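What follows is one structure encoded as structure tokens, with my remarks underneath.
The values are calculated or read from the model by the stated rules, or taken from the named source; none is laboratory data. None of the values given here were measured: they were computed from a predicted structure. When we count neighbours, we look across all protein chains shown, and the Cβ atoms used for this are built from the backbone with ideal geometry, even at glycine. The protein model used for the area step is the full one, side chains on, heavy atoms only, and it has no ligands, DNA or RNA in it. Shrake-Rupley method; radii C 1.70, N 1.55, O 1.52, S 1.80 Å.
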Amino acid sequence: MIPIINTSATEQQGFTAEQKAWLADMLIKTNLHMALGSSSQAKESNIPETFWGTPVEDLCKEEKRKYEKHVLDIWDDIVKSNDTNQILEGLDQFASRHFGLFNVAPASIGYMVRMRIPACVLRGDQMMVLGDVAENIAGGYAHVTTRGSFQFREIEPNRILEMLGLFYDSGLSCKGTGADSARNITCIPTAGFDPEELIDLRPYAHKLSHLILNTRDYQGIPRKFNFSFDNAGTTSCVSDTNDVGFLAVNVKENNRNVEPGIYCRLILGGITGHHDFARDTGFICKPEDTTEIADAILRVFVQHGDRTNRKKARFKYVLDAHGFDWVCERIQEVLDGYGKGTRLIPLSTEFDAPRPSINRHGHIGVHPQAQPGYKYIGVALRLGKMSPEQMRGIGRIAMKYGNNDVRLTVWQNLLVPHIRDEDVDTVIREIESLGMTTSATAFEAGAVACTGRWACKLANAYTKEDGNAIVDHLNGKFELDQPINIHLTGCPNSCAQHYIGDLGMIGTAADDGSEGYNIVVGGGVDDDQHLARPLCGPIASRDICKTSETIVGNYLKSRQGNESFITFVNRLGDAELKDVLLEPL
């Protein structure tokens with residue numbers, strides 16, 4: 001019941017703070033806040049104006065914009081931008097990012113557009129369409145992103161509707177790829193043909209993506225949100241860096257009344273830019289229940305995410321504020337409300353069979369598939385960049401030799417699967433004729449970089465250019481028997497996830513005001529899960545190649561046997577790091 005109103009002569013007019021809190025809670029539980037909003041009914045009944053339970057007066061400016069006009073209700077603004085050839089600005093531009101349209105001026109002219117490619121799977125014919133978009137509408141190139149998607153740049157506003165029409169006609173979309181969206185849903189790139197995978201989780205990733213795009217409440221959520229589906233195969237999609245990860249596990253015989261078999265383990269809270277990996281919740285679920293559980297998780301986030309402080313609005317902070325047990329209880333409450341009997345199943349990791357080892361460079365080169373007589377071929381891209389002809393060429397190869405299937409990876413490269421053994425050499429020659437390669441050094445294969453200062457107004461360094469220079473420099477100095485992944489990100493937002501790199505570099509100002517980097521070392525994911533530790537900085541960009549050479553050279557000089565870089569670094573104490581790794585060669 002609503003708290004009783006004191007009717008004494010000295011009573012305060014209107015609702016008390018306690019009653020307002022109760023009403024706000026009821027509004028959010030019944031979703032009436034969306035129906036009432038700032039309507040006259042709300043004002044006349046003295047019901048406090050709220051947005052998802054938060055008083056409107058307390059909302060940050062982005063949330064007030066969403067409250068006043070839903071982010072999906074801006075089509076007229078997009079059409080106007082196209083018809084007037086004027087790029088959207090301010091909070092209108094913030095809203096347009098939910099459609100995948102980014103104003104990145106003054107760093108780059110025109111819109112940047114980011115694709116939504118669920119499970120990181122494309123058809124070859126779609127690749128050819130995207131190649132045409134890159135050439136005829138964008139700036140003559142595209143980049144594979146760290147969420148297994150594509151980005152295009154330098155798109156004039158008056159080409160937006162033409163571009164969106166091409167996407168729609170080809171079964172593609174860029175909706176829900178920016179601002180406060182559940183971003184592109186990632187899968188292990190070898191899903192469906194990995195020799196070691198437990199189950200192909202792509203169908204559930206696709207189902208979830210469709211659910212998100214067709215649920216109004218999931219557009220304009222408190223902040224961005226990342227899902228990942230990990231089939232426990234030989235390659236990685238860095239699932240432990242996501243807000244939510246579903247990890248395929250083989251459950252052994254146990255004394256918990258859980259039938260042995262294939263399940264998905266639920267991990268929550270990954271956000272390495274804020275120094276957190278996703279952690280085990282102690283629950284598993286049936287693979288076929290993952291979409292409904294993800295739906296419930298988003299519902300909990302929408303209801304309890306912070307809408308007053310952008311810096312505290314990610315899912316991590318709901319977990320920090322309430323704890324994992326509380327959040328999982330709320331998830332189960334939502335599931336119970338759906339009435340389908342879906343349950344989170346409590347089970348310790350002690351009953352999970354060991355996962356096969358991950359091949360850190362399994363996304364490059366020729367590898368056997370689960371299907372006898374077939375190979376998949378990983379194409380090495382330099383920091384994700386592709387020309388239109390390369391995109392169309394890969395599309396043609398996939399259509400002719402590879403079952404019309406292309407996979408993008410979180411390592412900014414791509415795979416072409418289902419190549420018959422007898423066609424492998426021919427496909428490699430055709431890939432090489434496009435100016436690409438299926439082989440890469442230990443530096444090239446694991447190099448990842450965000451867009452950087454040349455096209456991002458937040459970046460403090462030219463990450464793409466510097467990344468290429470570092471790789472070329474190190475290739476000329478060393479030949480490795482162990483991979484070293486180098487991650488360059490232009491700002492602390494960590495688009496290139498610097499904290500999971502063997503070498504992580506974060507753009508900053510050097511002492512003389514020029515571009516530079518702070519360097520962290522010893523990061524890793526999956527089997528090698530570690531957050532990188534600070535080493536040095538700021539290092540001016542002009543000195544970054546030499547500093548990288550010093551670090552790698554000292555590792556090779558001081559390691560034990562064929563010890564990996566991450567193992568070497570993480571057996572050194574903080575006091576030793578600088579002494580050992582920065583010693584002049």
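Among the residues of the stretch 135-165, which ones are among the hydrophobic types (A, V, I, L, M, F, W, C) and either touching a helix residue (DSSP H, G or I) at 6+ places or on another chain (Cβ under 7 Å) or in a loop (DSSP other than H, G, I, E, B) (or both)? Walk me through it before giving the result.
As a first pass, look at the stretch 135-165 and keep what is among the hydrophobic types (A, V, I, L, M, F, W, C): 137-138, 142, 144, 150, 152, 155, 160-161, 163-164.
Result: ILE137, ALA138, ALA142, PHE150, PHE152, ILE155, ILE160, LEU161, MET163.
When you go through ILE117, ILE109, ILE87 one by one, which is the residue that is closer than 19 Å to ILE212 by Cβ and either in contact (Cβ under 8 Å) with a residue 60 or more places away in the chain or not aromatic (Phe, Trp, Tyr) (or both)? Steps first, answer last, please.
Working: ILE109 fails: closer than 19 Å to ILE212 by Cβ; ILE87 fails: closer than 19 Å to ILE212 by Cβ.
Criteria check complete, one pass: ILE117.
Given (1) assigned to a helix (DSSP H, G or I); (2) over 19 Å from the mean Cα position of the chain (by Cα), where does ASP240 come up short, assuming only one miss?
Status for ASP240: all satisfied but (2).
Within the stretch 88-103, identify whether any single residue is more than 18 Å from ASP180 (Cα to Cα) and of a type outside the set (Asp, Glu), and answer yes or no. So that I can check it myself, show each step before the final result.
Quick first cut of the stretch 88-103, residues more than 18 Å from ASP180 (Cα to Cα) only: none.
Scanning the stretch 88-103 turns up no residue that is more than 18 Å from ASP180 (Cα to Cα) and of a type outside the set (Asp, Glu).
Could you count how many residues in the stretch 355-370 are under 21 Å from ASN250 (Cα atoms) and at pLDDT 95 or above? Reasoning before the result, please.
Kept after step one, since they are under 21 Å from ASN250 (Cα atoms), are these residues of the stretch 355-370: 355-359, 369-370.
Restricting the remaining residues to those that are at pLDDT 95 or above gives 369-370.
Adding up the residues that qualify gives 2.
Considering the stretch 86-98 alone, what residues qualify as being under 16 Å from PHE152 (Cα atoms) and open to solvent by 20 Å² or more (accessible area, probe 1.4 Å)?
Of the stretch 86-98, the ones under 16 Å from PHE152 (Cα atoms) are 87, 96-98.
Hits for the stretch 86-98 are ILE87, ARG97.
Only residues that are in contact (Cβ under 8 Å) with a residue 40 or more places away in the chain and open to solvent by 30 Å² or more (accessible area, probe 1.4 Å): list them for the stretch 401-410, please. It would help to see each step written out before you state the result.
So the first thing to find is which residues in the stretch 401-410 are in contact (Cβ under 8 Å) with a residue 40 or more places away in the chain, and the list is 402, 404-410.
Of everything in the stretch 401-410, just one residue is in contact (Cβ under 8 Å) with a residue 40 or more places away in the chain and open to solvent by 30 Å² or more (accessible area, probe 1.4 Å), namely ASN404.
Could you please find all residues in the stretch 186-219 being open to solvent by 20 Å² or more (accessible area, probe 1.4 Å) and closer than 11 Å to ALA248 by Cβ? Let's see the steps before the verdict.
So in the stretch 186-219, the residues open to solvent by 20 Å² or more (accessible area, probe 1.4 Å) come out as 192, 195-200, 202-204, 206-207, 210-211, 213-217.
Correct list: GLU196, GLU197, LEU198, ILE199, ASP200, TYR204.
I'd like to verify a number: residues in the stretch 224-235 that are over 13 Å from the mean Cα position of the chain (by Cα) and open to solvent by 10 Å² or more (accessible area, probe 1.4 Å), how many?
Taking the stretch 224-235 as the starting set, the residues that turn out to be over 13 Å from the mean Cα position of the chain (by Cα) are 230-235.
Still in the list and also open to solvent by 10 Å² or more (accessible area, probe 1.4 Å): 234.
Final tally of qualifying residues: 1.
This table checks each residue for (1) surrounded by fewer than 16 Cβ atoms within 10 Å (Cβ to Cβ); (2) of a type in the set (S, T, N, Q); (3) at positive phi.
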| site | (1), (2), (3) |
| --- | --- |
| ASP73 | yes, no, no |
| ASP76 | yes, no, no |
| THR84 | yes, yes, no |
| VAL133 | no, no, no |
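Could you grab the pairs with beta carbons closer than 8 Å, sequence gap of 6+ or different chains, first residue in the stretch 538-556 and closer than 15 Å to ASP502 by Cβ, second one of a type in the set (Lys, Arg)?
What qualifies is GLU549/LYS477; VAL552/LYS477; GLY553/LYS477.
Among (1) touching a residue at least 60 places away in the same chain (Cβ under 8 Å); (2) touching a strand residue (DSSP E or B) at 6+ places or on another chain (Cβ under 7 Å); (3) open to solvent by less than 70 Å² (accessible area, probe 1.4 Å), which single condition is GLY261 missing?
Here GLY261 meets the rest and fails (1).
Scan the stretch 499-544 for residues that are over 26 Å from the mean Cα position of the chain (by Cα) and surrounded by fewer than 17 Cβ atoms within 10 Å (Cβ to Cβ) and jot them down.
Scanning the stretch 499-544 gives ALA509, ASP511, ASP512, GLY513, SER514, ARG542, ASP543.
What number goes with the only condition from (1) under 18 Å from the mean Cα position of the chain (by Cα); (2) open to solvent by 30 Å² or more (accessible area, probe 1.4 Å) that ASP295 does not pass?
(2)
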